[in-house]
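Novice: One structure coming up, written as structure tokens, with questions to follow.
The values are calculated or read from the model by the stated rules, or taken from the named source; none is laboratory data. All values derive from a computational prediction rather than experimental measurement. Positions of Cβ are generated from backbone atoms using ideal geometry, with glycine treated the same way; all protein chains shown enter the neighbour counts. Accessible surface is based on the protein model in full, side chains and every heavy atom, while ligands, DNA and RNA are left aside. Shrake-Rupley method; radii C 1.70, N 1.55, O 1.52, S 1.80 Å.
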Amino acid sequence: MANNEVKKLAGQTAIYGGTTVLSRLLNYLLVPLHTYLFSNAADYGVVGELYAWTSLFIVILTYGMETAFFKFSQDDGIKDRVYSTVVGSLLVTSTLFIVLCSVFAQPIADWLRYPTHPEYVRWFAVIIGVDALTSIFFAHLRFLNRPIRFAAVKITNILVNVLLNLFFLLLCPWLLTKNPDSAFVNAIYNPEIGVGYIFIANLVASVVTLLMLFPGILKQKFVFDWQLWKKMFRYAFPLLIFGLAGIVNETMDRVLIKRLSLAAEPQASVGIYSACYKISILMTIFIQAFKYAAEPFFFRKAKDKDAKETYAEVMTAFVLVCSVIFVGIMLYMDLVQYFVGATYRVGLPIVPILLMANLFLGIFYNLSIWYKLTGQTKFGAYIALFGAAITLVLNWLLIPRFDYMGAAWTTFACYLSMMVVSYLLGQKYYHVDYDLKRILFYLFFAVAVYGLSVGVNKLFGIESMGVRLAVNTVILVGYLGVLGWMNKEIVRGILRRK
């Protein structure tokens, strides 16, 4: 039975994950575009820093209501009121945020050290407000199990963003080289905006997404239930603290590098770190896809007798897949590195550190089900705050000494610590018999295979990229062969028809 449930989750992960993978890959294509066009790493550092702030404020403006929506919607009698109450709440707070940021754009820009660009603040206020609001609409589509609608809107968002990036950053400059006096191009394009067009493209894509979702919203009967909202907020507030601490762990390193680095140009260090962090995209794509499908699945599964057995099998399968992704990326780094411009490749040594750190984060997401199911979301906040403390302290200590490499090791230490603490607490309050021996083997085996690759290439002094790739391919085949032999029964069970 548990294997069938894992298969079901795998199917849902594929549905939502397929959209996420396609969307992220299309968006990922912007990384080489940006890093090759903006050869000055400081320019891309602006992008990395502002999107770090965006992640923080989206968490603030959603304040844990996505998870609260899934939790309270399990009661069929109130699920419509739950949805309408959450929508009303997010609509008010998002609108207020946009208005306040627009009014105080210049002081905020001064504080961010972009005094000549208050328009950045206004653009991002709209992006953040709209994305926070639409997050609940996407959650509703997931709850209703409407993957086609979900996929259509998500893909449209990314296509609009990508196409506008190509239009403003490639087509318009090319048109001006052909006809510098073009009235049309000069009316809509200003070369001095530079990286600002990345933000404009995102702004337009966010607004288009809202417009696509709006007709479905209008069909709903909206009733704001104040008493219900208070119950949901009490449940969600610890998740807000958890989310804030989590964002400190995930993205605030960009902000801290700018403020703490002793490098000659800290903004350039932010750009290098941000660009190389994107190389871990395949790992984060899978984790994000898994999260989309897993959260509602875990809640639905909680009432079944074999729920804990299923959670254990899901964890093992998750670690296996992430380990393969780690090995695949690292063995083919000779090719993967070309996704960022030459200026940014000096930061490639941080990639294996960040990949493994994100793997730990994915395991933590799996483990977090214990405090969500038991209603003890305060522990999620405590663990995230613990991680945030590690992030702030170690970044303060390491960034001045090691620049962005210190930020990478801080991320590793943070996620490792959170994973261990969550596991120990979870075993006390919601015991699940995870297959620790197999999970640890997957992790250490992946690192050992990467080490073998590095050792073999150094031992024989292999300089040719083609030879290195051939050697690494042989190593990868051997690695996959061992995993296949170990998991032959599990694979058969998952693939077997019901």
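Novice: When the solvent-accessible surface of protein heavy atoms is calculated with a 1.4 angstrom probe, in what order do LEU50, LEU424, LEU210 fall, highest first?
Specialist: Largest accessible area first, the residues go LEU424, LEU210, LEU50.
Novice: Largest first, what is the accessible-area ranking of VAL327, VAL482 with a 1.4 Å probe?
Specialist: Listed by decreasing accessible area, they come as VAL482, VAL327.
Novice: Using a probe radius of 1.4 Å on heavy atoms only, what accessible surface per residue do you get for the chain? Whole Å² is fine.
Specialist: Spelled out: the 1.4 Å probe surface of the chain, per residue, equals 44 Å².
Novice: State, as an integer percentage, the relative contact order of the chain based on alpha-carbon contacts under 8 Å between residues 6 or more apart.
Specialist: 24
Novice: Let me ask something additional. May I ask for the Kirkwood hydrodynamic radius of segment 57-144, worked out over all distinct Cα pairs and given in angstroms to one decimal?
Specialist: It is 14.0 Å.
Novice: Ignoring everything but the protein chains, give the 1.4 Å probe accessible area of LEU144 in square angstrom, nearest 10.
Specialist: Accessible area of LEU144: about 80 Å².
Novice: Cα centroids of segment 250-265 and segment 380-397: how far apart, whole angstrom?
Specialist: Each part's Cα centre sits 16 Å from the other's.
Novice: Work out the charge dipole of segment 338-452 with +1 on the Cβ of Lys and Arg and -1 on the Cβ of Asp and Glu about the Cα centre, then indicate which of TYR434, GLY341, ALA448 is farthest towards its positive end.
Specialist: Positive-most Cα among the choices belongs to TYR434.
Novice: Moving on. Given the protein chains as shown and a 1.4 Å probe, how many square angstrom of LYS372 are accessible, to the nearest 10?
Specialist: 30
Novice: Just going by the charge dipole of the chain, with Lys and Arg at +1 and Asp and Glu at -1 on Cβ, which of LEU33, PHE70, ALA187 is farthest out on the positive end?
Specialist: About the Cα centre, the residue reaching furthest to the positive side is PHE70.
Novice: What does the convex hull of the Cα atoms come to per residue for the chain, in Å³?
Specialist: 168
Novice: Once the whole set of protein chains is in place, how much accessible area is left on ARG149, using a 1.4 Å probe, in Å² to the nearest 10?
Specialist: So the heavy atoms of ARG149 present about 80 Å² to solvent.
Novice: Moving to a separate point now. In what order, largest first, do VAL207, VAL86 sit by accessible area if the probe radius is 1.4 Å?
Specialist: VAL207, VAL86
Novice: Whole angstrom only: what separates the Cα centroid of segment 412-464 from the Cα centroid of segment 303-328?
Specialist: Between the Cα centre of segment 412-464 and that of segment 303-328, the gap is 14 Å.
Novice: Considering only protein heavy atoms and a 1.4 Å probe, what is the carbon-and-sulfur percentage of the accessible area of the chain?
Specialist: The C+S portion of the solvent-accessible surface of the chain is 68 percent.
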